[in-house]
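**Student:** Shown below is the structure under consideration.
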Amino acid sequence: MDLWPPCLFTSNAKELEMFVFAHSWIFLLAPLPLLIWFLVPPRRIQRPVLRVPFLYRVQQSLDEQSKFTRARQRTVPLAIKMVVYLLIITSLARPQWLDPPVSRELPSRDLLLLVDLSGSMEQKDFTNSAGEQVDRLTAVKEVLGDFLLKRDGDRVGLVVFGNGAFLQAPFTTDLQLCHQLLEETEVRMAGPKTTLGDAIGLGVHLFDQSEAPAKTIIALTDGNDTASQVPPVEAAKVARDRDITIYTVAMGDPETVGEEKLDVDSLKQVAAETQGEFFLALNHSELQNIYTKLDEIETREVKVESYRPRIDLFYWPLLAAFLISLLDRAIQLWRSRRHVFEPAEDVRLHVSPVNFDLEVKS
């Protein structure tokens, strides 16, 4: 009967430290020696006997130990054996010290962020929270960084893309680390072009090892896909087949022409294929509102698990039993070597020729 099985996760664990026995039923074996003593008949051995009618007089004539001393010698070792037996029983019952429960949130969703680092992200057409004119990537870092730090309980990953797609941060619950890696990104560090389709494909591949019940991609770009080997819509169809939801966030001026033209139709189709949503951010406040709305849409069910660390203490009663047994044995050896029978005086035994009684003569 385990009072608290090891590594058992529970949501209503007691908060106090406590001392318990994992196998308390072992104490039912404590009276076993007494039951054996009273219920099992003693062993009887038949031996040849030499009857000496005057043996008691021989015993009286010798300097024997008193009855009290002999009784004490029988009682002390028996008490020691009982103590050692109870200590062994206590050790088998597995005494443990339970620390206060340790709780943590279980990741309920894997969230992957796709961030465009193409050359067009260096255009300074956004303002930050202080009202200063900044480039698009700086605005993304400010808004997306705040969004990241609110994702407690999620595993978050980061993929950046330019001429190719690259994994910046694998799925992790360390949101501070993911935020730091986002801050270290720079425009054009992945190349000047845009490969959104390849970034989605890399994200789908990253989800292959995911066991989270919810899988989400948030893709942010400000340009047209110009270099992907797989078109974004085709990559989105693969994501749909694997139950991955994609939210697309387009930033910048949709009236831009050339390679930096914002392909709104493709981004809308990518989101629609996976039952996600499309958002357009023309300035800092709209970008911030988008991530606020995403935070409301991407609600999560928080699951908390707790377990109680346990420290085994069985070796203490076991060590005590060993030391007591060792000390008892050492005392017995010391007494056996020290004890020497020395008669008080020279005693001689004589049988009377008249009545054949035993006589003691000095």
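**Student:** Among the numbered criteria (1) open to solvent by 30 Å² or more (accessible area, probe 1.4 Å); (2) under 22 Å from V233 (Cβ atoms), which one does L113 miss?
**Tutor:** Unmet for L113, out of (1) open to solvent by 30 Å² or more (accessible area, probe 1.4 Å); (2) under 22 Å from V233 (Cβ atoms): (1).
**Student:** Another question about this same structure. Look at segment 225-245 and say how many of its residues are in contact (Cβ under 8 Å) with a residue 40 or more places away in the chain, crowded, with 22+ Cβ neighbours inside 10 Å and more than 35 Å from the chain's Cα centre (by Cα).
**Tutor:** 1
**Student:** Working only within segment 116-147, note down all residues that are modelled with pLDDT of 80 or more, outside any helix (DSSP H, G or I) and of a type in the set (G, A, S).
**Tutor:** Within segment 116-147, S118 is the sole residue that qualifies.
**Student:** Additional query: May I ask you to list pairs of residues, at least six apart or on different chains, whose Cβ atoms are under 7 Å apart, with the first in segment 194-215 being farther than 14 Å from L114 by Cα and the second being among the acidic types (D, E) and open to solvent by less than 10 Å² (accessible area, probe 1.4 Å)?
**Tutor:** Here the result reads S210/D110; A212/D110, each pair linking segment 194-215 to a residue that is among the acidic types (D, E) and open to solvent by less than 10 Å² (accessible area, probe 1.4 Å).
**Student:** Residue by residue through segment 177-207, note down the ones that are touching a Leu at 6+ places or on another chain (Cβ under 8 Å) and under 18 Å from K141 (Cβ atoms).
**Tutor:** C178, H179, L181, L182, T185, E186, V187, R188, M189, A190, A199
**Student:** Sticking with this one: Tell me, yes or no, whether segment 187-202 has at least one residue that is at pLDDT 90 or above, open to solvent by 70 Å² or more (accessible area, probe 1.4 Å) and under 33 Å from the mean Cα position of the chain (by Cα).
**Tutor:** No - not one qualifying residue is present in segment 187-202.
**Student:** Is segment 59-68 home to any residue that is in contact with a strand residue (DSSP E or B) (Cβ under 8 Å, 6 or more places away or on another chain) and either surrounded by 15 or more Cβ atoms within 10 Å (Cβ to Cβ) or at pLDDT 60 or above (or both)?
**Tutor:** yes
**Student:** Can you name every one of the strands (runs of 3 or more DSSP E) wholly within segment 289-362 that holds 3 or more residues which are open to solvent by 80 Å² or more (accessible area, probe 1.4 Å), at pLDDT 60 or above and touching a Ser or Thr at 6+ places or on another chain (Cβ under 6 Å)?
**Tutor:** On the way: elements: 303-307, 310-312, 348-351, 358-361.
No strands (runs of 3 or more DSSP E) qualify here.
**Student:** Answer with yes or no whether D125 is surrounded by fewer than 18 Cβ atoms within 10 Å (Cβ to Cβ) and either of a type in the set (K, R) or in contact with a Leu (Cβ under 9 Å, 6 or more places away or on another chain) (or both).
**Tutor:** Yes, satisfied.
The values are calculated or read from the model by the stated rules, or taken from the named source; none is laboratory data. Here the structure is a predicted model, which is why all the values come from computation and not from measurement. Cβ coordinates were reconstructed from backbone atoms using ideal geometry, including for glycine residues, and neighbour counts include every protein chain displayed. Please note that ligands, DNA and RNA were not included when accessible areas were found on the heavy atoms of the full protein model with its side chains. Shrake-Rupley method; radii C 1.70, N 1.55, O 1.52, S 1.80 Å.
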